[in-house]
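Have a look at the structure below before the remarks.
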Amino acid sequence: MAELLVIRHAQASFGADNYDQLSDLGHQQSELAGEALRTSGWVPDRLVTGSLTRQHETLASMGFAEPPEQHAGLNEYDFHDLLSVRFQGNVPDPVRHDRKTHFRTLRETILEWQAGGLAGARESWKQFSDRVENARRFSTDTTARRVLVISSGGPIGELVKASLGAPDAQMMALNLQVKNTSWTRFFFNASTFLLHEFNATPHFSTPDRAKMLTFS
């Protein structure tokens, strides 16, 4: 079967006015991920990303200069919008700037969203899950044997959840575990889509690199 390797973007700029760009550490993480991929001998013959800057910057810093194909279904859900809807446009400062508070609140918000709440959000839970599935079909409708995808934590959690037939709530439990530049690998053919590896970071396996591991 063919392989779909989905890598989460590197560390973005948490708390900055423009989150959608890599931090200096994010560029270093990407370089290490690309180096590890080449060392393993895994050479992609198709590149796919979403349309987000942090996804494109990750691919470029990994050492892939050629323009990828794009599918917006690989983009993250708009957590800024979801939080704004939940707090009626007045998101508390700790939710915006304190990591622990942010991710605890985000989990609660996504579960509410999945249950049909947050009326007025730009995207419903069903629209999100449908577009991720469309992106999966797009990425696997190919004669390529090794497809490299750069995506985000939410879509990766949803891809894994769907491949296992797990409940919707499991998506967020998976989402919060996904490390920056981690590898999630699937095997696929025309009738099968199987999870083979989740959230691997071989490029951070040594003690000096372990401190470079991040989740946002």
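For region 135-216, list the helices (runs of 4 or more DSSP H) that sit wholly inside it and hold at least 3 residues that are over 19 Å from residue 70 (Cβ atoms) and free of Cβ contacts under 8 Å to residues at least 12 places away in the same chain; which are they?
Answer list for region 135-216: 207-210.
Which of the following residues is among the β-branched types (Val, Ile, Thr), crowded, with 21+ Cβ neighbours inside 10 Å and assigned to a helix (DSSP H, G or I): 58, 105, 101?
Checking each option against the conditions leaves just 58.
Can you pull out every residue in region 1-40 that is under 20 Å from residue 195 (Cβ atoms) and part of a strand (DSSP E or B)?
2, 3, 4, 5, 6, 7, 8
Residue 84 versus (1) without any contact (Cβ under 8 Å) to a residue 12 or more places away in the chain; (2) among the polar types (S, T, N, Q); (3) buried (at least 18 other Cβ atoms within 10 Å of the Cβ): which is the lone unmet condition?
The number of the failed condition is (3).
Of everything in region 13-38, what is of a type in the set (A, V, I, L, M, F, W, C) and modelled with pLDDT under 95? Give them in sequence order.
Kept after step one, since they are of a type in the set (A, V, I, L, M, F, W, C), are these residues of region 13-38: 14, 16, 22, 25, 32-33, 36-37.
Result: 14, 16.
Of the conditions (1) surrounded by 20 or more Cβ atoms within 10 Å (Cβ to Cβ); (2) of a type in the set (D, E, K, R); (3) outside the structural domain of residue 6 (by TED's automatic domain parsing), residue 96 satisfies every one except a single condition; which number is it?
Tallying (1) surrounded by 20 or more Cβ atoms within 10 Å (Cβ to Cβ); (2) of a type in the set (D, E, K, R); (3) outside the structural domain of residue 6 (by TED's automatic domain parsing), residue 96 fails exactly one: (1).
Can you tell me which residues in region 190-216 are over 19 Å from residue 41 (Cα atoms) and acidic (Asp, Glu)?
208
Would you confirm whether any residue within region 148-161 is assigned by TED's automatic domain parsing to the domain that holds residue 61 and surrounded by fewer than 16 Cβ atoms within 10 Å (Cβ to Cβ)?
So far as region 148-161 goes, no, none of its residues is assigned by TED's automatic domain parsing to the domain that holds residue 61 and surrounded by fewer than 16 Cβ atoms within 10 Å (Cβ to Cβ).
Of the residues that sit in region 1-20 and are in contact with a Lys or Arg (Cβ under 6 Å, 6 or more places away or on another chain) and closer than 14 Å to residue 152 by Cβ, which one is surrounded by the most Cβ atoms within 10 Å (Cβ to Cβ)? First the steps, then the outcome.
First, the residues of region 1-20 that are in contact with a Lys or Arg (Cβ under 6 Å, 6 or more places away or on another chain): 2-3, 5, 9, 12, 20.
Keeping just the survivors that are closer than 14 Å to residue 152 by Cβ gives 9, 12, 20.
Details: 9: 28, 12: 24, 20: 16.
Ranking the candidates gives 9 first.
The values are calculated or read from the model by the stated rules, or taken from the named source; none is laboratory data. No experiment lies behind these values; they were computed from the predicted model shown. Cβ coordinates were reconstructed from backbone atoms using ideal geometry, including for glycine residues, and neighbour counts include every protein chain displayed.
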